[in-house]
Structures are given as C-alpha cells and as structure tokens.
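To keep things clear, I will list the structure first and then write my remarks on it.
Taken together, the values in this text are just the output of simple stated rules run on the coordinates, not laboratory data. From a predicted model like this one, the values you see are computed outputs, not experimental measurements. Glycine gets a Cβ as well: all are built from the backbone with ideal geometry, and neighbour counts include every protein chain shown.
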Amino acid sequence: LSTISHSQGFFIDAQSSGSVVFKESHKSTSATSFEKTTNGLNLPLEIEITSEVNNYKDYSYLSTTQNASNNFEQSLDQRKLFNMIPNYSPSIYFISDDSVDLCHNYVSSVSSNIIPVHTKIGNYAHGNYNLSFKNLDPFMIGSCITLEDLHSGDIIDLREDSSYSFTS
C-alpha cells in the first residue's frame, strides 16, 4: 500500500502481532476515485439484510475470479466482523468450506459453486426480514443463480426475483 485515498477507510486483518506505520506522505491530497472498474461488470454481488423490526442492517459481498476456491484465501476473502450489538441486529455472512466466517467472499468464475449464506438474528430482534441482492444483472452473466431456504425448502431464481423475505 503506497497511497491512501482521501476519506478512504480500510481494515487490516492481522494474523500475528506487529506494527503498521502510516506516514503523512502515504495520504493522497486529491479526491481521486480509486475504483477498479467503471463498467459495472466487476462489481460484487451485494447482499443486504433489513427488517421491519428496527433500522439495523448488514451486508455481505460475493465476487468471482478464475483462481478462487471455496476455502478462505487470505489474499482475496475478508473475515466477517460481527455487529457490536448482536442482540438487536441482523448479520449476513458466508462460511467458507474450511469454516471461516466471511463478509466478502471470492469464488471461482469457471466452475459451479454452492455458497452457503448465513444469517444471525439478534435475540431481541425476531420478526420479518428481507434479503436484497444488488448488481445481479452484471454478476456472472449467463449463470443460473438460485437461493435455497434450508428452513422452508423454498428455492428462488434470483435472476427473476432479486429479493427474499423470511420470518425469524
């Protein structure tokens, strides 16, 4: 990392102790956009969970690349940081095949994938919830994307309906 964009936020997932040093020279003085793409094809699939219970919401993101696997890959995937008030808020996340909770998951773009999406609903926040899937049109064009609710057995074709409601 050599330049930090104006108003940019980031998280460092440390696997061991040590220190990180930021210098004034690492900051950018312009409000440059640092986006990887402008065509939308490389946007991740965004999954948002909201409820009628309160205003809390959560997000998870799914991206693809040819060399990804369904295991945790430190160079691609991001671990899930759960909300600081878990009794009142929902969480949505993926679990990798090697049992790591992820908020941003990369999967292979050249093979079929079964991607477990999990939700946790706070003990004091039971009620009606909605999952919204954004950036579906440009995501893995030509692929079939379905959601299976393992509790109810419902299977939803997300190419036809980009949201799913359930009761906790």
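Remark: C-alpha extents of the stretch 88-168 on the principal axes read 41, 30, 23 Å, sorted largest to smallest. Given bins 5 angstrom wide, list per bin the percent of all Cα-Cα distances in the stretch 127-168, short to long. Histogram of Cα-Cα distances, whole percents per bin: 5, 21, 31, 23, 12, 7, 2, 0. Taking the three principal axes of the alpha carbon atoms in the stretch 33-165, the coordinate ranges are 41, 34, 32 Å, sorted in descending order.
Checking every one of the chymotrypsin sites (Phe, Trp or Tyr not before Pro) in the stretch 118-168 against DSSP loop status and a limit of 13 other Cβ atoms within 10 Å picks out 124.
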